[in-house]
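First the structure, in the form of structure tokens, and then the observations on it.
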Amino acid sequence: MPEVENSDPHRSVLRDEVVRAIEPKPEQIIVDATLGYGGHTEALLESCDSIRVVGLDHDSEAIRLARQRLDRYADRVMFVKSNFTELNNVLAELGFESVDGVVADLGVSSMQFDEADRGFSFRFDAPLDMRMDRESEASTASDLLAELTEEEIANIIYLYGEERMSRRIARRIVESREAGNPVIATKQLADLVERAVGRKPKDKIHPATRTFQALRIAVNRELEILGPFVTDAINILTTDARLAVITFHSLEDRIVKHTMQKLSGKCTCPPRQPVCTCGAVRKVEILTRKPILPSDREIEVNPRSRSAKLRVCKKLAV
């Protein structure tokens with residue numbers, strides 16, 4: 001997601017649309033797989049006074065703030081520090097065999113961008129970290145730039161950032177580290193990218209934006225884990241329950257769209273292949289043939305919502 005300034009970090013994107021998509025009913029169990037600061041969970045709890053929400057997040061600070069925000073609903077929220085890849089394990093440990101809805105907002109909050117020491121933003125000069133879970137032992141962005149080959153770095157920037165100048169940027173990164181100056185800070189990387197690709201006065205977006213996005217995605221394996229999460233979420237739903245996923249860039253949206261299509265029974269085999277081998281089985285009904293987009297008013301009030309897309313599907317009896 002592009003960097004956005006002056007957005008309310010507590011404002012959830014497509015808040016009302018998510019509640020309508022999930023259609024919470026009394027006594028249901030809903031999972032907010034990306035709790036963040038609790039905006040979508042708050043909206044769900046407000047909509048029905050007897051539902052309960054399981055909120056997952058791998059950011060300890062986000063959970064702390066969400067606890068404060070949702071204090072008045074403390075008896076109806078279960079907070080779990082975990083990545084949504086652990087959805088099945090988390091629910092099993094809580095004793096739930098199935099749930100009545102799952103929500104996932106894949107955006108990075110403005111507050112996370114505004115925490116200088118997280119390394120997400122080139123607006124601050126900080127260590128190049130980018131881990132969503134700073135307590136994990138996962139490689140940081142600077143670790144990747146120190147360890148990967150020039151080709152591997154270029155591939156990450158091209159595939160995850162859709163950056164046409166990826167090879168030139170990767171070459172500069174490797175040249176810098178070979179000269180004894182490894183790229184370890186946000187401003188250092190931003191300046192390097194700008195020198196590599198140039199910047200025109202009319203450019204509204206900093207030339208390093210796509211490179212930073214690509215590294216964040218790689219560090220947190222955001223695209224790698226997305227398809228399996230959608231499948232796991234569908235499998236854990238009760239019949240007629242909904243999955244609602246908000247994405248913020250085309251790569252995420254494409255994975256969510258294609259995974260839902262496959263789970264709706266759409267065959268992905270080559271057109272002339274005589275026998276289906278893709279394994280498509282109709283488990284869901286897609287409720288959003290086209291994604292739900294934020295209104296002009298929401299974009300005006302909350303600029304970070306401008307690239308959001310909400311896709312929704314319903315679990316079928318199988």
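Values quoted throughout were computed directly from the atomic coordinates according to the rules given, and no laboratory measurement underlies them. A quick note: this is a predicted structure, and the numbers were derived from the prediction, not measured. Glycine also receives a Cβ, built like all others from the backbone with ideal geometry; neighbour counts cover every protein chain displayed.
Taking amide H as placed 1.01 Å from N in the peptide plane, the amide H of A185 sits under 5 Å from that of L128, each at least 5 places away or on another chain.
Free of any GluC sites (Glu not before Pro) that DSSP assigns to a loop and that have at most 12 other C-beta atoms within 10 Å, the longest stretch within the chain is 225-318. Each of L287, L94, L310 was scored by other Cβ atoms within 10 Å of its Cβ. Arranged with the fewest first, they read L94, L287, L310. Ordered by the count of other Cβ atoms within 10 Å of each Cβ, fewest first, V256, V197, V183, V301 give V301, V197, V183, V256. When only alpha carbons are used to place a centre, the stretch 131-163 and the stretch 192-239 end up 11 Å from one another. For the chain, the Cβ-based charge dipole about the Cα centre amounts to some 1420 debye (Lys, Arg positive; Asp, Glu negative; other atoms uncharged). Can you give me the angle between helix 250-263 and the longest principal axis of the chain, using Cα atoms only, in degrees from 0 to 90, rounded to the nearest 10? Tilt of helix 250-263: around 30 degrees. Using a cutoff of 8 angstrom between alpha carbon atoms and counting only pairs six or more residues apart, the relative contact order for the stretch 112-220 works out to 32 percent. When the Cα gyration tensor is reduced to axis lengths a ≥ b ≥ c, the ratio a/c is 1.5 or higher for the chain, and with a/b above b/c it is classed as prolate. Measure nothing but the geometry: give the 0 to 90° angle between the long axis through the Cα atoms of 60-69 and the longest principal axis through the Cα atoms of the chain, rounded to 10°. Taking the Cα atoms of the chain, the angle to 60-69 is about 50 degrees. Applying the criteria of a DSSP loop state and at most 16 other Cβ atoms within 10 Å to the trypsin sites (Lys or Arg not before Pro) of the stretch 143-241 yields R164, R199, K202, K204, R221.
Output the relative contact order of the chain, whole-number percent, from Cα pairs under 8 angstrom with separation of 6+ residues. Write out the running numbers ahead of the final one.
Details: 563 pairs, mean separation 58.1, N = 318.
RCO, the chain: 18 percent.
The charge dipole of the stretch 166-318, taken about the Cα centre with unit charges on the Cβ atoms of Lys, Arg (+1) and Asp, Glu (-1), comes to about 480 debye, rounded to the nearest 20. The ranking of I63, I286, I157, I205 by Cβ neighbour count inside 10 Å, starting from the fewest, reads I205, I286, I63, I157. Between E178 and D125, what is the FRET efficiency for a Förster distance of 25 Å, r being their Cβ-Cβ separation, to the nearest 0.05? In this case the efficiency is close to 0.65.
Dipole magnitude for the stretch 112-220: about 760 debye, using +1 per Lys or Arg Cβ and -1 per Asp or Glu Cβ, origin at the Cα centre. For the stretch 112-220, the spread of Cα positions along the three principal axes, ordered from largest to smallest, is 38, 29, 26 Å.
If R0 is 25 Å, the Cβ-Cβ spacing of L293 and R11 corresponds to a FRET efficiency of close to 0.95. Taking 7 Å steps out from each Cα toward its Cβ at T268 and E152 produces label points 2.6 nm apart. Straight Cα distances below 16 angstrom link K257 to the lysines K266, K283, K290, K309, K314, K315, with same-chain residues fewer than 8 positions distant left out.
For the chain, the share of DSSP beta bridges that are antiparallel, to the nearest 5, is 40%. Across the stretch 200-215, rounded Karplus estimates of 3J(HN,Hα) from the backbone phi angles (6.51 cos²θ - 1.76 cosθ + 1.60, θ = phi - 60°) give 8, x, 7, 5, 8, 10, 4, x, 8, 4, 5, 5, 5, 4, 4, 5 Hz, Gly and Pro being marked x.
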